[in-house]
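Asker: My structure is below; once you've seen it, I'll send some questions.
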Amino acid sequence: MPWKRTAFTGGTLAQALNIADLRAIARRRVPRFAFEYVEGGAEDEVTLRNNREAFARWRLLPGTLVDTTARHLRATLFGRPMDAPLVIAPTGLNGILDPDGDVALARAAARLNIPFTLSTFSTTRLEDVAARAGGRLWMQLYVMRERAGARELVRRAAAAGYEALVFTSDANVFGSREWDRRNYRAPGRPTLATLADIVCHPRWLAAVARAGGLPRLRNLEDHLPRASTSALGGSTLIPQLVDASIRWEDLEWMREAWPGKLLVKGILNVADAERAAALGCDGIVLSNHGGRQLDSCVAPIEMLPEIARAVGNRMSLIIDSGFRRGTDIVKAIALGAHAVMLGRATLYGLAAGGEPGVDRALRILISETDRVLGQLGCREIAELHPRLLREA
Ligand SMILES: Cc1cc2nc3c(=O)[nH]c(=O)nc-3n(C[C@H](O)[C@H](O)[C@H](O)COP(=O)(O)O)c2cc1C
């Protein structure tokens, strides 16, 4: 008889041994529309799957008999220290997973001295996140058809002391996440099945009631009609807001208007990386938006070696899409990334258990990364190098 491994049946954060376990808890706790919004990739989800599979093409090649007792993961980004080379990625509509989701993510990040990136489509005002969470805050920018809103957001983020502006360049045309869309009968209008499923999640409903109602896109309330800022259905409303005419020239006004660090997120080729460097960007995020935009797209990790060779000594290289294990993080750093952005990994933690859940997700990844470092015979991330990898 075939032998089956013991499945994860736990329900507490402490029982979760890895990010997949947190995902399993999250799936039970939030309504289906919220889970599918997080989970979904574009179209056939070839990009989404390849983001995970791409890591397996590199195998780790350990050195041995090195005293690794005194290991640490400390790193520096933009001249400031952090406990690990991690950044929390911008994700819109966090409030549908936990009403105080943005603050929960930001506080968990602050505790580990790592940056948290607030989405343009956040459900908490950027000023409130700064006042309530503190820490290293980055602001993600989508430029929408209504251009004045973007300039105002940049001004507000600067006034609130945000360290970096992360301009997302890969969502000029929004991806089609089909199983997310099926939960709505029209943009912003959930199906009856979605509403019935929400009613079956009384704990989630109670949290919404305690928070004073459904989350809204708080950063955009001053610029958009009320019907466009409901976070219930935001994922079907957002495609109407983005602007397909956005160009490299737009970075020039951002560079002028923004006093802090400027990053472009969504870079996947050497020519674009060179262009970002030439325009005075401080960093780029190699990303395919976690498989939510272009389907059948390369995985960022596949492009990392050549981009690192071209611009790695001129600006900070951050990478995301598909990171769920310490081995993934180690491979990216060894191939030349300075830090890794976490999207769904920390969102599963948030949905599984609010701020303690995010904390659990981060600590799981940190302890995995630390263990891999030791097993490779390294004491710090500065020792990670391409020679520790072999292409399978
Ligand atoms: C639920 C969700 C919402 C997201 N919202 C945004 C967003 O508002 N702005 C943005 O630049 N990227 C957004 N992203 C993409 C993430 O910043 C990041 O690139 C991606 O999640 C990384 O892949 P991973 O989820 O596999 O880690 C979102 C991703 C998810 C899963």
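Asker: Roughly how many nanometres apart are two label points built 7 Å out from the Cα toward the Cβ at residue 110 and residue 375?
Answerer: 3.5
Asker: Got a sec to turn the phi values of the stretch 56-69 into Karplus ³J(HN,Hα) couplings, 6.51 cos²θ - 1.76 cosθ + 1.60 with θ = phi - 60°, whole Hz, x for Gly and Pro?
Answerer: 5, 6, 10, 10, 8, 10, x, x, 9, 6, 10, 6, 10, 4
Asker: To continue, here is another question. Between rounded, prolate and oblate, where does the stretch 52-112 land on the alpha carbon gyration tensor, with a ≥ b ≥ c its root eigenvalues, rounded for a/c under 1.5, else prolate if a/b exceeds b/c? Provide the component values of the computation, followed by the final result.
Answerer: Values: a/c = 2.85, a/b = 1.63, b/c = 1.75.
Oblate is the answer for the stretch 52-112, as a/c is 1.5 or above yet b/c matches or exceeds a/b.
Asker: Another question, if that's okay. What is the distance, in nm, between label points placed 7 Å from the Cα along the Cα-to-Cβ direction at residue 253 and at residue 80?
Answerer: Here the modelled spin labels are 2.7 nm apart.
Asker: A follow-up question, please. I need the Kirkwood Rh of the chain: take the reciprocal of the average 1/r across all distinct C-alpha pairs and report it in angstrom. Don't skip to the answer; put the middle values down first.
Answerer: Values: mean 1/r = 0.0471 Å⁻¹.
Result for the chain, one decimal place: 21.2 Å.
Asker: With a ≥ b ≥ c the root eigenvalues of the C-alpha gyration tensor of the stretch 1-147, is it rounded (a/c under 1.5), prolate (a/b larger than b/c) or oblate?
Answerer: Values: a/c = 1.61, a/b = 1.16, b/c = 1.39.
The shape class here is oblate.
Asker: Would you please put 346-357, 262-273, 181-192 in order of how densely packed they are, using the mean number of other Cβ atoms within 10 angstrom per residue and starting with the highest?
Answerer: Answer by packing, highest mean first, reads 346-357, 262-273, 181-192.
Asker: Arrange 78, 323 by Cβ neighbour counts within 10 Å, fewest through most, would you?
Answerer: Neighbour counts put them in this order, fewest first: 78, 323.
Asker: Run the helix sum for the chain: -39,500 (n - 2.57) per DSSP H stretch of 4+ residues, divided by residue count, reported at 222 nm to the nearest 500 deg cm²/dmol.
Answerer: -12000 deg cm²/dmol
Asker: Rounded to the nearest 0.05, what FRET efficiency is calculated for residue 306 and residue 152 with R0 set to 35 Å and r the Cβ-Cβ distance?
Answerer: According to the calculation, E is roughly 0.40.
Asker: How many angstrom lie between the C-alpha centres of the stretch 190-213 and the stretch 1-75?
Answerer: Result: 27 Å between the Cα centres.
Asker: Take the alpha carbon atoms of the stretch 114-171, find their center, do the same for the stretch 239-296, and report the distance between the two centers in whole angstrom.
Answerer: Here the answer is 15 Å between Cα centres.
Asker: How far, in nm, would the chain grow between residue 392 and residue 172 when pulled straight, counting 0.36 nm per residue and subtracting the alpha carbon separation?
Answerer: 75.7 nm
Asker: Could you work out the local net charge near residue 308, counting Lys and Arg as +1, Asp and Glu as -1, over the other residues with Cβ closer than 13 Å to its Cβ?
Answerer: 0
Throughout, read-outs are computed from the coordinates displayed, never taken from laboratory work. Model, not experiment: these values are computed from the prediction. Note that we place each Cβ from the backbone using ideal geometry, even for glycine, and neighbour counts take in every protein chain shown.
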